[in-house]
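Readers should treat all values here as calculations from the given coordinates under stated rules, not as data from a laboratory. As the structure is a prediction and not an experimental result, all values here were calculated from the model. For neighbour counting, all protein chains shown are included, and Cβ atoms are generated from backbone atoms with ideal geometry for every residue, glycine included.
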Amino acid sequence: MSLKIATFAQRPDLHQAIWSDEFRQNWAAFVDGGVITDLYYDSFFLPKEKIPFLEYGLVAFDSSAPDQPLARGFCVPFAFGGHRQELPDSGWDGVVRWADWDWKSGTTPNALSAIEINVLPNQQGRGLSSLMLQAMRDHAKRLGFQDLYAPVRPTHKHLEPHTPMLEYAFRIREDGLPFDPWLRVHARAGASIVKVAPNSMTMSGTLEQWREWTGLPFDQSGEVVVPQALVPVLCSVQHNVAAYVEPNVWMHHRM
Ligand SMILES: CC(C)(COP(=O)(O)OP(=O)(O)OC[C@H]1O[C@@H](n2cnc3c(N)ncnc32)[C@H](O)[C@@H]1OP(=O)(O)O)[C@@H](O)C(=O)NCCC(=O)NCCS
């Protein structure tokens, strides 16, 4: 395979394929309840000249099949420092809001945050994610940024939803690398853990929506363990609402 990586801006012809259901199926249905996700993802459906972060999207394809994306990656530029002294506890949601504000207010960014790396299901397990992450680091440097941050979603955390993220994130193997595979990919690329973002992504919905998303009854108040969720979902039958507050792990790539 001869992997090529382009920006979304360089390959407008791939727009439809980048947003195909094939990539969407990597995410659980409950992400539809994300309270901030639309703010970011819907912006790619604005008229082309108004899309804020086109230059910060990456798409990978094999040179022998240039019309078939194999992986996609997103990041956003934001201003860090000044009145923003710490990465937000609200991780993914927080940095998307910062980037959105900076874009609308004309504030000059000085850092990048990764938002997503997504490898097609039939391409996973072949090392593509490391190549995408390296491409993101290279792209950050090319754009003049020295810092790439990432509110990382540890891929195996869903297997132990009751473990506090603080304990899970810092668990290491005998070789000193993180226990979690996706944290490990970032660590191998040179990143270090900054802190846990306890409320990185919030997803909420009525109990009817949660039943649709998960196939679970959602008929008792309290914590509900949901497949693919990193921590239990909080359910209130009395108020007909459930909310999932996902913790992520801030990592820092200094170039
Ligand atoms: C997470 C993801 C990007 C990894 O991409 P990938 O190209 O399949 O991963 P790689 O082949 O580079 O493997 C990365 C690490 O995960 C491990 N891994 C990959 N698939 C695995 C599996 N099914 N079970 C256990 N470990 C696995 C690999 O062993 C490797 O760790 P190691 O090198 O230390 O052994 C991909 O699975 C994906 O797109 N998932 C859905 C979207 C997502 O969760 N993105 C991350 C958050 S934004």
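Taking each pair of different alpha-carbon atoms in the range 77-118 once, compute 1/r for the pair, average those values, and report the inverse of that mean as the Kirkwood hydrodynamic radius in Å to one decimal.
Working: mean 1/r = 0.0948 Å⁻¹.
Mean inverse Cα-Cα distance, inverted, gives 10.5 Å.
If we count every other residue with Cβ under 15 angstrom of Q25's Cβ, Lys/Arg +1 and Asp/Glu -1, where does the sum land?
Numbers: positive: R24, R72; negative: D21, E22, D32, E116.
Local charge sum for Q25: -2.
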Handout entry: 15 Å reach of a label modelled at A6, 7 Å along Cα-to-Cβ, counting backbone N of the range 53-81
Key = 55-73
Completion exercise
Length gained, H83-V237, 0.36 nm per residue minus C-alpha separation, equals 51.4 nm
Exercise for the section: Just the number, please: Stokes-Einstein D of the range 9-94 in µm²/s, Kirkwood Rh from C-alpha pairs, 25 °C, 0.890 mPa s. Expected result: 163
Exercise for the section: With no solvent and one equal point scatterer placed on each C-alpha of the range 191-255, evaluate the Debye formula and give log10 I(q)/I(0) for q = 0.23, 0.30 Å⁻¹, two decimals. Expected result: -0.89, -1.31
Handout entry: Cα-based equivalent ellipsoid of the range 83-224: semi-axis lengths in Å, sorted from largest, via gyration tensor
Key = 28, 22, 16
Handout entry: Approximate spin-label separation R188-E174, in nm, with each point projected 7 Å along Cα-to-Cβ
Key = 1.8
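May I ask you to give the average projected area over all directions of the convex hull of the Cα atoms of the chain, in nm² rounded to one decimal?
Numbers: hull surface 58.2 nm².
That works out to 14.5 nm².
Based on the mean of other Cβ atoms within 10 Å per residue, sort peptides 234-243, 53-62 so the most packed one is first. Don't jump to the answer; show the numbers that get you there.
Values: 234-243: 15.2, 53-62: 20.4.
Result, highest mean Cβ count within 10 Å first: 53-62, 234-243.
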Problem - Percent RCO, i.e. relative contact order, over the range 87-184, from Cα pairs under 8 Å lying at least 6 residues apart - result: 23
Exercise for the section: Scan around F179 for amide H atoms under 5 Å from its own, H built in the peptide plane at 1.01 Å from N, and keep only partners 5 or more places away or cross-chain. Expected result: R171, I172, R173
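Report the relative contact order of the range 1-63, percent, no decimals, based on alpha-carbon pairs under 8 angstrom and at least 6 residues apart. Display every interim value, and only then the final one.
Values: 44 pairs, mean separation 43.7, N = 63.
Relative contact order, the range 1-63: 69 percent.
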Exercise for the section: Run down the lysines and flag those whose C-alpha is under 28 Å from the C-alpha of K50, throwing out any fewer than 8 positions away in its chain. Expected result: K4, K104, K141
